[in-house]
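These notes are about the structure you will find just below.
The values are calculated or read from the model by the stated rules, or taken from the named source; none is laboratory data. These figures come from a predicted structure and were not determined experimentally. FYI the Cβ positions are ideal-geometry reconstructions off the backbone, even for glycines, and counts take in every protein chain you see. The accessibility values were calculated without ligands, DNA or RNA, using every heavy atom of the protein model including side chains. Shrake-Rupley method; radii C 1.70, N 1.55, O 1.52, S 1.80 Å.
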Amino acid sequence: MNRRTLLQNGLLIATSSLVGRRTFAATGGSRPNVLLLMSDQHKRSCMGAYGDTVARTPNLDALAAKSVRFTNAYCANPVCTPSRASLMTGLYSHNHEAQDNAHPYSLRHKTMAHHFGAAGYSTALIGKMHWVDAQTHGFDYRLEFNDWFQSLGPKTAIYADELGRPNSGSGQPEIDDLWRDNGDPWKNVRHKDERKGSVHVGRVSLLEEKDQFDSFVARESARFLRNHRSEDGPFFLVSSFLKPHDPFMPAQRFADMFRPEDMKLPASWGKADLDSLPREVVQSIRYNGPTPEVSDEAAAKRHMAFYYANLAQMDDCVGQVLAALKETGHDRDTIIVYTSDHGEMLGDLGLWQKFEFYEGSCGIPLLIHVPDGASGAVDTPVSQVSLSATMTDLAGVRQVTPNDGVGFAALVRNPKSRVQVEPVFAEYALNTPRAKYMVREGDWKYIFWAHDRDELYNLKTDPAELHNVAADARCRNQVEHLKAVLFGWHRPEEA
């Protein structure tokens, strides 16, 4: 029997560990474990718990049933590296250096791993984090793509066809400068796949299911949980999956679950008012969407079917981690969080991928489960930049450095409370001609483009965001108010 003491809520509490078990849920004595489950490019609405009848997400749905589910959660930047940097540090993009998928952020920015580690937690990252360099960012234990390659051995050659594309979403290269110096090592060895505009439609993976990256993350996360010892202290484990992000190459059994002919195109497909939208959005719709140039609805439906298959495979892997958590008895003393780094337009307005501030792209799923805690839906808009402050608050951990996040743990403890944590901000493509910024306040969403027309949507009356009313004289006061709120938070460059 091991004994430890910890300072919690200003009191020195002696706790004991019996057969590797802490007693957080039963006594409130020791600090809880924390498990952060992450996916990549998961559209918020694509989950049974969020009302999607096509998605097959039984494990996430079961977690949602015992969690607080946020219906208006947003990422801080709708692209991988900047979003993950904001999630881990609690800083907005203009306060860290990782403003695209090619630049890391500084050692001086402390992450959730630093906060939990300083409080005596064992910290582990298994999976994708897309850091672009070799920093460990405070984690004691780390397994990522290079470790997966080692486990594949000669099968790594198949990777060239699937995840070896630059910007495939795999987080490769992990050290971006290596490819800058030496060139793309997979050049001229990839097969071409069917494309719809800039998007790969998809196919069944050439790798066996057990050899795929998400299976590796699930397997190694389960191994970590089974090997964790009580004397190592509580754990902070991040299990981060690649799917449902493209390439859309699921294992066969998940591809068999969805037929393209059963997919229904979004209600907003082909209905965007191109005359009212910024030029970049119009160009993207014309390149990828339902236009005379690209009008293959069959290809769009195949793309959707493969996305849902990827999602189902990721959910299955989440289930494996949760099963290991239960098997080891840690389900009774572990805070569980599920989220994604950004969404996926999946045909909304004729758009695909992310990069936009529309709900499909910037909206994220967010589930937070506290043992013996509350459950239910929360409609209050919240930002992922505040997740670090929220998770440390729930675990009783002090943050070692300040950040931009304003925690919303009160909403987790009581989903019916009237705590107001809005407005929510987001930004994209800083210091470029494509720079844009978003503020969500109440039912309104305002998007400021540094070099293009503004956008304004009322999400209560126009949830599909079909009507940009920024130029409507009747909304002038609303535009001026939200621009003042946005500029009061951060004045965009060249504004």
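Key figures
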quantity	calculated
Residue check, LYS128 open to solvent by 10 Å² or more (accessible area, probe 1.4 Å) and either in contact with a Cys (Cβ under 8 Å, 6 or more places away or on another chain) or charged (D, E, K, R) (or both)	no
Filter result (open to solvent by 10 Å² or more (accessible area, probe 1.4 Å) and in contact with a Gly (Cβ under 7 Å, 6 or more places away or on another chain)) within the range 58-88	ASN59, ASP61
Any chance GLY343 is at pLDDT 95 or above, touching a strand residue (DSSP E or B) at 6+ places or on another chain (Cβ under 8 Å) and either surrounded by fewer than 21 Cβ atoms within 10 Å (Cβ to Cβ) or of a type in the set (D, E, K, R) (or both)	no
Criterion (within 22 Å of LYS354 (Cα to Cα), polar (S, T, N, Q), modelled with pLDDT of 95 or more and in contact with a helix residue (DSSP H, G or I) (Cβ under 6 Å, 6 or more places away or on another chain)) met by exactly one of ASN77, ASN72	ASN77
Within the range 201-229, considering residues that are touching a strand residue (DSSP E or B) at 6+ places or on another chain (Cβ under 6 Å) and open to solvent by less than 10 Å² (accessible area, probe 1.4 Å), the one farthest from GLN353 (Cα to Cα)	SER221
Residues located in the range 143-173, provided they are modelled with pLDDT of 70 or more and buried (at least 18 other Cβ atoms within 10 Å of the Cβ)	LEU143, GLU144, PHE145, TRP148, TYR159
Close pairs from the range 61-78: first without any contact (Cβ under 8 Å) to a residue 40 or more places away in the chain, partner open to solvent by less than 10 Å² (accessible area, probe 1.4 Å), Cβ under 9 Å, at least 6 apart	ASP61/MET47; ASP61/ASP315
Residues within the range 32-57 that are open to solvent by 30 Å² or more (accessible area, probe 1.4 Å) and of a type in the set (D, E, K, R), tallied	1
Any hit, the range 17-30, residues being part of a loop (DSSP other than H, G, I, E, B), at pLDDT 50 or above, surrounded by 15 or more Cβ atoms within 10 Å (Cβ to Cβ) and touching a helix residue (DSSP H, G or I) at 6+ places or on another chain (Cβ under 9 Å)	yes
Some residue of the range 433-449 being closer than 21 Å to ARG69 by Cβ and over 25 Å from the mean Cα position of the chain (by Cα)	no
Selection status of THR123, open to solvent by less than 10 Å² (accessible area, probe 1.4 Å) and over 17 Å from the mean Cα position of the chain (by Cα)	yes
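Here's the yes/no breakdown for (1) among the aliphatic types (A, V, I, L, M); (2) in contact with a Pro (Cβ under 8 Å, 6 or more places away or on another chain); (3) open to solvent by less than 10 Å² (accessible area, probe 1.4 Å); (4) modelled with pLDDT under 95:
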| site | (1), (2), (3), (4) |
| --- | --- |
| SER375 | no, yes, no, no |
| SER388 | no, no, yes, no |
| ALA395 | yes, yes, yes, no |
| THR401 | no, no, no, yes |
| GLY405 | no, no, no, yes |
| GLN420 | no, no, no, yes |
| ARG434 | no, no, no, yes |
| MET438 | yes, no, yes, no |
| LYS445 | no, no, yes, no |
